[in-house]
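Participant: Have a look at this one.
Derivation of every value follows stated rules applied to the coordinates shown; laboratory data play no part. These figures come from a predicted structure and were not determined experimentally. Counting neighbours? That spans all protein chains shown, and the Cβs are built from the backbone with ideal geometry, glycine included.
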Amino acid sequence: MHNAVPSNLPAPSVPLNWAVTAPTDGKIMYAAHLSIGEDGQFVDGTIEEQTRQAMNNIKASVEAAGGTMADIAQCLIYLVDAADASGMNAVYGEYFDGVLPNRATVVVAAILVPEAKVEIVAYAHIAGT
């Protein structure tokens with residue numbers, strides 16, 4: 001479990017924390033996901049649909065590593081269109097309760113899968129595993 005680092009910075013207006021701490025025992029999980037379905041095929045759709053599939057994949061990865069979404073300390077989000085940020089934020093925020101992971105969101109020219117609107121990288125600190 002990680003904790004928000006208190007600071008005098010203003011509260012973010014989107015689902016993230018400026019900085020978090022995590023325990024050092026256990027393991028660290030690194031995951032990067034696109035909108036890939038269980039059959040291995042790309043799941044095309046709206047930014048909300050692609051974000052949901054990518055987040056479901058991250059959730060499956062962290063659980064397979066012995067953790068929960070609460071163990072995720074940081075996410076890096078790559079969008080190909082800045083206008084998709086609000087749709088991505090709406091879905092992304094549904095996956096976390098309490099302390100939100102530290103996060104950076106970057107707009108890029110393209111993702112290697114041409115239909116991809118979003119790619120999400122997650123780092124989790126899973127204690128006691």
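Participant: Out of all DSSP beta bridges with both ends in the chain, state the antiparallel percent to the nearest 5. Please list the in-between numbers first.
Facilitator: Working: 17 of 24 bridges.
Counting DSSP beta bridges with both partners in the chain, the antiparallel share is about 70 percent.
Participant: About the Cα centre of the chain, how large is the charge dipole given +1 on each Lys and Arg Cβ and -1 on each Asp and Glu Cβ? Please answer in debye to the nearest 20.
Facilitator: For the chain, the charge dipole is close to 440 debye.
Participant: Within 10 Å, count the other beta carbons around each residue, average over each peptide in 111-118, 10-17, 96-103, and list them highest first. Mind showing how you got there, number by number?
Facilitator: On the way: 111-118: 15.8, 10-17: 13.1, 96-103: 17.6.
The packing order, highest mean first, is 96-103, 111-118, 10-17.
Participant: May I pose another question? Any idea what log10 I(q)/I(0) is at q = 0.20, 0.29, 0.31 Å⁻¹ for region 70-119, Debye with uniform C-alpha scatterers and no solvent?
Facilitator: Summing over Cα pairs of region 70-119 leads to -0.71, -1.15, -1.22.
Participant: Starting from 0.36 nm per residue, how many nanometres of slack lie between Ala83 and Glu115 once their C-alpha separation is accounted for?
Facilitator: The span from Ala83 to Glu115 would gain 9.9 nm if fully extended.
Participant: Which whole-number percent gives the relative contact order of the chain, counting Cα pairs below 8 Å spaced six or more residues apart?
Facilitator: Once divided by the residue count of the chain, the mean separation gives 40 percent.
Participant: Which entry is the computed semi-axes √(5λ) of the Cα gyration tensor in Å for this structure: (1) 24, 19, 11; (2) 30, 17, 10; (3) 27, 16, 15?
Facilitator: Evaluating semi-axes √(5λ) of the Cα gyration tensor in Å on these atoms matches (1).
Participant: Also, I was wondering about something else. Can you give the angle from 0 to 90° between the axis of helix 47-64 and the longest principal axis of the chain, with both taken from C-alpha atoms, to the nearest 10?
Facilitator: Around 40 degrees separate the two axes.
Participant: Tell me the mean residue ellipticity at 222 nm calculated for the chain from its helices only (DSSP H runs of n ≥ 4, each -39500 (n - 2.57), averaged over every residue, nearest 500).
Facilitator: Mean residue ellipticity at 222 nm (helix-derived): -6500 deg cm²/dmol.
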